[in-house]
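Participant: Could you have a look at this structure, given as structure tokens, before my questions?
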Amino acid sequence: MKEYALPKLPYGYEALEPVIDKDTVTLHHDKHHAAYVTGFNTTLKKIVEAREKSDYSAIKALAKDLSFHGSGVVLHNLYWENLCPKSESKEPVSGNLLEQIKTGFGGLDKLKAEMGAAAKAVEGSGWAVLVWDKYADQLLVLQAENHQKLAIWGVAPLLVIDVWEHAYYLKYQNNRAVYVDALWGIINWKIVEERFSKAK
Ligand SMILES: [Fe+2]
């Protein structure tokens, strides 16, 4: 059995201010993100126990939990990594990613409009996810409900936006759209470009 671990934030808890306040980052990382790590590891342990006993009577719930918590961990890992302090966030002005964004969406502003709209329109808790679809060599914007629903298997996530209330409620209350719009100011495009190069 191989457990997941909670990665440390790549910056200080206050580094994303004023877009995301220190308290939100602290709770989000130390409590919510951590809970998915614990949830995944606990579920995995139960599956190993079931395996040892050859008792798969609870496998439906366990498999669901594994997907929910596992996807929760992965998306949060991606999320923290694809954010950065405002002073370090530089939109791409050239390069392969920008070219692909132009081909796929017609430009960076059009991508931001589509992904922002997708993020704002997620039903309940979930994510907006920019992915590289290797099957057709194209960029796509997806939504994820909770963490695991509405995915396309095998695509590579490049940029994720968390729109669970825990990601913004302390500072923005119910104004998810204001949070999403502000988030564009703290995107780590360098990481997005790196993920794109690897996915290609
Ligand atoms: Fe979250």
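The values are calculated or read from the model by the stated rules, or taken from the named source; none is laboratory data. Everything quoted here is computed from the prediction, not taken from an experiment. Positions of Cβ are backbone-derived with ideal geometry, glycine not excepted, and every protein chain shown enters the neighbour counts. Just the protein is used for accessible areas: all its heavy atoms, side chains included, with ligands, DNA and RNA removed. Shrake-Rupley method; radii C 1.70, N 1.55, O 1.52, S 1.80 Å.
Participant: If contacts are Cα pairs under 8 angstrom and at least 6 residues apart, what is the relative contact order of the chain in percent?
Facilitator: Taking the mean separation of contacting Cα pairs over the length of the chain, I get 25 percent.
Participant: Quick one: helix 108-120 against the long Cα principal axis of the chain, what's the angle to the nearest 10°, folded into 0 to 90?
Facilitator: 40 degrees
Participant: Taking the chain as the region of interest, what is the percent of Cα-Cα pairs per 5 angstrom bin, listed from the shortest bin to the one with the maximum distance?
Facilitator: Spelled out per bin, shortest first, that is 1, 7, 15, 19, 19, 16, 11, 6, 3, 2, 1, 0.
Participant: Suppose R0 equals 22 Å; then what is the FRET efficiency for E193 and K2 from their Cβ-Cβ distance, rounded to the nearest 0.05?
Facilitator: 0.15
Participant: If you don't mind, there's one more thing I want to ask. Expressed as an acute angle from 0 to 90° and rounded to the nearest 10, what is the orientation of the C-alpha long axis of helix 59-81 relative to the principal long axis of the chain?
Facilitator: Taking Cα atoms only, the helix is inclined about 30 degrees.
Participant: Put one equal scatterer on each alpha carbon of segment 87-199, apply the Debye formula with no solvent term, and list log10 I(q)/I(0) at q = 0.12 1/Å to two decimals.
Facilitator: At q = 0.12 Å⁻¹ the computed log10 ratios are -0.41.
Participant: In addition: So what's the convex hull volume per residue for the Cα atoms of segment 22-85, in Å³?
Facilitator: Hull volume normalised by residue count: 65 Å³.
Participant: Here is a further query. Round to a whole number: what % of the accessible area of segment 87-199 belongs to carbon and sulfur, probe 1.4 Å?
Facilitator: Exposed carbon and sulfur together represent 50 percent of the surface.
Participant: Can I ask one more? Calculate, in nm to one decimal, what L27 and D55 gain on full extension: separation in residues at 0.36 nm each, minus their alpha carbon distance.
Facilitator: So the chain would gain 6.4 nm between L27 and D55.
Participant: Now a separate question. Ordering S67, S94, S89 by accessible area with a probe of 1.4 Å, largest first, what comes out? Show your work: numbers first, answer last.
Facilitator: Details: S67 50, S94 75, S89 25 Å².
So the residues, ranked largest to smallest area, are S94, S67, S89.
Participant: Please give the charge dipole size of the chain, origin at the Cα centre, charges +1 on K and R Cβ atoms and -1 on D and E Cβ atoms. Round to the nearest 20 debye.
Facilitator: Roughly 400 debye for the chain.
Participant: What number, rounded to the nearest 500 deg cm²/dmol, is the helix-based mean residue ellipticity at 222 nm of the chain, given -39500 (n - 2.57) per DSSP H run of at least four residues and division by all its residues?
Facilitator: Roughly -14500 deg cm²/dmol at 222 nm, from the helical runs in the chain.
Participant: Of K45/K200; K46/K134; K45/K86; K22/K46; K22/K112, which sit over 30 Å apart, Cα to Cα?
Facilitator: Result: K45/K200; K46/K134; K45/K86; K22/K46 exceed 30 Å.
Participant: Quick check: the angle from helix 189-199's long axis to the longest principal axis of the chain, C-alpha only, nearest 10 degrees?
Facilitator: So the inclination is approximately 60 degrees.
Participant: Whose amide H sits under 5 Å from the amide H of L159, counting only residues 5 or more places off or on another chain, with H placed in the peptide plane?
Facilitator: L130
Participant: For T38 and E88 in the same chain, what is the full-extension length gain: residue separation times 0.36 nm, less their Cα-Cα distance, in nm?
Facilitator: Residue separation times 0.36 nm, minus the Cα-Cα distance, leaves 14.8 nm.
Participant: Now a separate question. So if I take the centroid of the Cα atoms in segment 58-75 and the same for segment 16-50, what is the distance between those two points in Å?
Facilitator: 13 Å
Participant: Determine the dipole magnitude for segment 32-81: charges of +1 sit on the beta-carbon of Lys and Arg, -1 on that of Asp and Glu, nothing else is charged, the reference point is the Cα centre, and the result goes in debye to the nearest 20.
Facilitator: Values: 6 positive and 5 negative charges, 32 e Å.
The calculation lands at about 160 debye.
Participant: Further question on the same structure: Using unit Cβ charges (K, R positive; D, E negative) and no other charged atoms, how large, in debye to the nearest 20, is the dipole of segment 1-116 about its Cα centre?
Facilitator: Rounded to the nearest 20 debye, it is 400 debye.
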